[in-house]
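The values are calculated or read from the model by the stated rules, or taken from the named source; none is laboratory data. Bear in mind that the values here come from a model prediction, so they are computed numbers and not experimental data. Note that each Cβ is placed from the backbone with ideal geometry, even for glycine, and that neighbours are counted across all protein chains shown. Keep in mind that these areas ignore ligands, DNA and RNA; they rest on the heavy atoms of the full protein, side chains included. Shrake-Rupley method; radii C 1.70, N 1.55, O 1.52, S 1.80 Å.
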Amino acid sequence: MERFKDILLQAISISFGILCLVSIQGVIEHMQGYSFHLSWYHPISFVLCGFLCTIPYFVLDILQLHPILSSIIHISSVYAIVMYMGSLCGWYADGEGALFISIGYFIVYIFVWFIMIWMGKNDAQQINEALKEIQDKDAS
């Protein structure tokens, strides 16, 4: 259940991050005088990309590789998924758009890991509080 929660949280965070980046890209292009539009399939492509990006996490969790190697594989594979989905779904049309998506990828990647760390700390705090309550009841 905990793994499912992590995967769902990552997928939602990644999808939200992609949506924010594409929105920022739209604002920038609008301010530069360019036409910006989203196709009907773009929102679902963000969600699909979010879930596809959780696959490396799940696979690497099972493989139990060295942490540094695992991190390198994770960053690279998720980047490949994002860039492939971006190309396939038309999130960018040229090298400048690909560069923007690449920079945005690293921003979202850091954002998602901060969310995961924050949620982990909250879970640990809740567990510690529950254990403390149990300990206090046993001491009484």
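Quick look at the numbers
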quantity	calculated
Computed accessible area, Lys132, all protein chains, 1.4 angstrom probe, square angstrom	130
For the chain: accessible area per residue (Å², 1.4 Å)	67
Note, ³J(HN,Hα) from phi for segment 37-52, Karplus 6.51, -1.76, 1.60, rounded to Hz, x at Gly and Pro	8, 10, 7, 4, 8, 4, x, 5, 5, 5, 5, 4, 4, x, 6, 4
Mean ellipticity per residue at 222 nm, deg cm²/dmol - from DSSP H runs of n ≥ 4 across the chain, formula -39500 (n - 2.57)	-29500 deg cm²/dmol
Listed residues Ser35, Ser15, Ser76, most fluctuating in the chain (Gaussian network, C-alpha, under 10 Å)	Ser35
Estimated FRET transfer efficiency when R0 is 35 angstrom, pair Leu88-Leu65 (beta carbons, to 0.05)	0.80
Crossing angle, helix 2-31 versus the chain [Cα axis fit, 0-90 degrees, rounded to tens]	30
